[in-house]
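Comments concern the structure below.
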Amino acid sequence: MSLKGFKFSVVEAAIKKPGRKDLALVFSETPATAAAVFTTNAVKAAPVLLSAGRIAGGKAQALVVNSGNANACTGAQGMADACEISGLLAEGLGIAEELVQVSSTGVIGVPLPMERFKNALPSLIASCGSATLDDLAAAIMTTDTFPKTSVRVGSSGGVGYTVVGTAKGAGMIMPNMATMLSFVMTDAAVAPELIHTVFRQAVDRSFNAITIDGDTSTNDTCLLMANGAAGTPLITLDTPDGDAFAELLDELLLDLARQIVKDGEGATKFVEIRVTGAVSDADAKRAAMAVANSSLVKTAFFGQDANWGRIFAAVGYSGAAVDPDRLALWFDDVCMAKDGIFVGGDAEVRGTEVLQRKEFVVTVDFGLGTGHTTVYTSDLSHEYVSINADYRT
């Protein structure tokens, strides 16, 4: 990785408990053009409220992020703590406090252990530049079982640039940017209007197209910073270089989103849900998300039960326009139902064989129009219950 102008550091602050590095810093040597998308949950954590207000200025230079404590539902003290952390970091780095983004993930409703933060911040700042992207990814994990990173390279005007990203998330995963934490950095020079346009689109096609359990978190954030340190010409909208940057960003965010689904709490299956032939893309999305979030469907996936009727039931209550006599369904290339009824023959046996795979595609065709979408989900296992039954202990 040859990302220029960004430095990372991670330290152990023992925010929840000792034994792992849980406080991280991303620092750009110059103020970066920035954009962010935050959770749609009406109950927002203090760092989300603070960072959302600041990112409206379109610039960021530093990000401080912790795992182990969400600083959510902590009232006025939670906001005061987030402000104090960002102030101490800004002072230590010698930058404007408005350029500091703050992010947290972990247990909700517990005040931050501020003395541990204060004790750890000096070493976090002093060691700036000593950590890698993998270190950053590991420091923000909670119930994740592996760190999630992705890297892409491109060029503009004959000058190469790098785009890197990291994400965390395994549970409380649901679209409309109530999914997880993700931080993306590039040393390309990117026009603000391009960043805001393609970033939102890339989030919609990736993080807003995944679901593990239908739960919407209080802290979720996706942040993009572009500092121009690679020396590229300014990349703008509606140009070949702008289109190429958008494609790289799409690839990177989708890669991270797929990693999150594959790491779903207790997940044993990675499932792609495709809906075609709907009256609109919006209807296709409604139906796909109903299938992807159905506990009955997800437990059938876990049990390797080719119970296609549960999928039609979810489509039926999704709110999408449906003609039951036109519905068709496939598990990979095995047609299970056509014109709304079971196709018969050996479809049950062949469909069960598909569901025994680690990854497979479920396709539902409405036979009504051109609306289509793809979402990604996992199964629902015994392990998911075990993980979330004692998350706070």
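Figures for the structure shown
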| read-out | value |
| --- | --- |
| Amide H contacts under 5 Å for ALA337, placed H, 5+ residues apart | LEU329, VAL343 |
| Mean Cβ count within 10 Å, highest first, over the residues of peptides 276-289, 236-249 | 276-289, 236-249 |
| Label zone at ASN119 (point 7 Å along Cα-to-Cβ), backbone N below 15 Å, the stretch 1-44 | 11-23 |
| Descending semi-axes in Å of the stretch 270-389, equivalent ellipsoid built from Cα gyration tensor | 22, 18, 11 |
| Lys, Arg +1 and Asp, Glu -1 on Cβ, resulting dipole of the stretch 6-262 about Cα centre, debye, nearest 20 | 600 debye |
| Furthest towards positive pole of dipole, VAL203, VAL184, LEU89, structure part the stretch 6-262, Cβ charges | LEU89 |
| For the stretch 74-195, diffusion coefficient by Stokes-Einstein and Kirkwood Rh (Cα), 37 °C, 0.692 mPa s, µm²/s | 194 µm²/s |
| Vicinal HN-Hα couplings computed from phi for the stretch 195-207 (Karplus, 6.51 cos²θ - 1.76 cosθ + 1.60; Hz; Gly/Pro x) | 4, 5, 6, 6, 5, 4, 5, 5, 5, 4, 7, 10, 5 |
| Zero-based 10 Å bins, Cα pair distances in the stretch 189-279, whole percents | 14, 39, 29, 16, 2 |
| Relative contact order of the stretch 6-262, defined on C-alpha pairs under 8 angstrom at six or more residues apart (%) | 23 percent |
| Built amide H within the under 5 Å cut-off of ILE210, gap 5+ | TYR376 |
| Contact order relative to length of the stretch 270-389, as percent, for alpha carbon pairs under 8 angstrom and 6 or more apart | 46 percent |
| Derived scalar couplings ³J(HN,Hα) [the stretch 355-366; Karplus, 6.51 cos²θ - 1.76 cosθ + 1.60; whole Hz; x for Gly, Pro] | 5, 7, 6, 6, 9, 7, 10, 10, 10, 10, 10, 7 |
| C-alpha long axis of helix 308-317 to longest principal axis of the chain, angle in ° | 70 degrees |
| Two-site label geometry, CYS128 and ALA80: point separation in nm, points 7 Å out along Cα→Cβ | 2.8 nm |
| Length gained when the stretch THR30-THR268 is fully extended (0.36 nm per residue, less Cα-Cα span) | 81.4 nm |
| Relative contact order (%) - criterion: Cα under 8 Å, at least six apart; region: the stretch 1-121 | 29 percent |
| Considering only the chain, percent of DSSP beta bridges that pair antiparallel, nearest 5 | 70 percent |
| Nitroxide proxy distance, nm - points 7 Å out along Cα→Cβ at ASP323 and VAL153 | 5.3 nm |
| For the stretch 199-264 and the stretch 266-331, distance of Cα centres in Å | 25 Å |
| Vicinal HN-Hα couplings computed from phi for the stretch 85-96 (Karplus, 6.51 cos²θ - 1.76 cosθ + 1.60; Hz; Gly/Pro x) | 4, 5, x, 5, 5, 4, 5, x, 8, x, 10, 5 |
| Between 0 and 90°, nearest 10: helix 281-293 axis offset from the chain longest Cα axis | 90 degrees |
| Interchain or long-range residues, amide H under 5 Å from THR268's placed H | ASP379 |
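Readers should treat all values here as calculations from the given coordinates under stated rules, not as data from a laboratory. Computed from a predicted model, the values in this text were never measured in an experiment. Positions of Cβ are backbone-derived with ideal geometry, glycine not excepted, and every protein chain shown enters the neighbour counts.
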